[in-house]
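Note sheet for the following structure.
Coordinate-derived values only; no laboratory data. This one's a predicted model, so the numbers in the text were calculated from it and none came from an experiment. FYI the Cβ positions are ideal-geometry reconstructions off the backbone, even for glycines, and counts take in every protein chain you see.
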Amino acid sequence: MLCWEQGDAVPTEQELTALAGALWCAPSDLLGVPTTLREHRWARGLAVEDVAFRTGLRPREYQKMEERNRWTGDERQTAALGAALGLTLAQLVTVTGRDRKLAEYLRSAAAVRWQAYVKPVNAIVPLPRERIERALGQLHNDYQSLMTSTLSWSATASAEDKGAPYLAKILDHFWKLLEP
C-alpha cells in the first residue's frame, strides 16, 4: 500500500483539500515546504484556472507544465507566475527549473571572468543589471580570495578541492549577496 507520509504517493488536489477540511486546517499546513509548481499553487489555495489566467496561459497548457514540473513560460509569464504564487526570486528560479543553469553560470563567473556572465545571469534573474554586476563581482572576489589563500607549498589537497565547497553552495552565496 502506498503512503503519503512516506512519500510513496502524492495526494490529489481534491484529497489534500478534503484532508485539510477534515483536520480543520489549510492545505498549505499539510504540505510542508512547497517545492513544485503544483505544491506552490496548492499552498496559495489557487485553482489551475486562476494561475493560468494570471499568467496568460490556457488552463490545460499550465496544467501540463505542472504535471511535467517543467515551466516553459516567457519572461512576462514567469514574472506573473512569481506574483500569482507569491514566490521569492530564489523560489521562482528554482520552481521554473532554471536554478541548475544559474548555478553553472555563477560557478564560471566566480572562477573566471565574471563580466561575461552578467547578461546570461540577468536573463534568469530579472533584477537591475547593477545589482547583478555587484553580486557577480563579489562572488568572483570571494572565490579568488579563497583560492589565493589556499596556495601553499605545503598544501596536500589541490586548490580546486579547497574551492569545491564554495562552488557547491554558489546559489546560497549569490542569493545572500542579493539580499537588501
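A few notes on this one:
- Each residue of the stretch 107-112 was assigned a 3J(HN,Hα) from its phi angle through the Karplus curve 6.51 cos²θ - 1.76 cosθ + 1.60 (θ = phi - 60°); the sequence is 4, 5, 5, 6, 8, 10 Hz, with glycine and proline shown as x.
- Cross-link partners of residue 176 among lysines (Cα-Cα below 19 Å; sequence separation of 8 or more within a chain): 101
- In a DSSP loop and with at most 10 other Cβ atoms within 10 Å, the trypsin sites (Lys or Arg not before Pro) in the stretch 84-120 are 113.
- The peptide list 49-55, 82-88, put in order of mean Cβ contacts within 10 Å with the highest first, becomes 49-55, 82-88.
- Calculated FRET value between residue 149 and residue 177, using beta carbons and R₀ = 30 Å, to 0.05: 0.95
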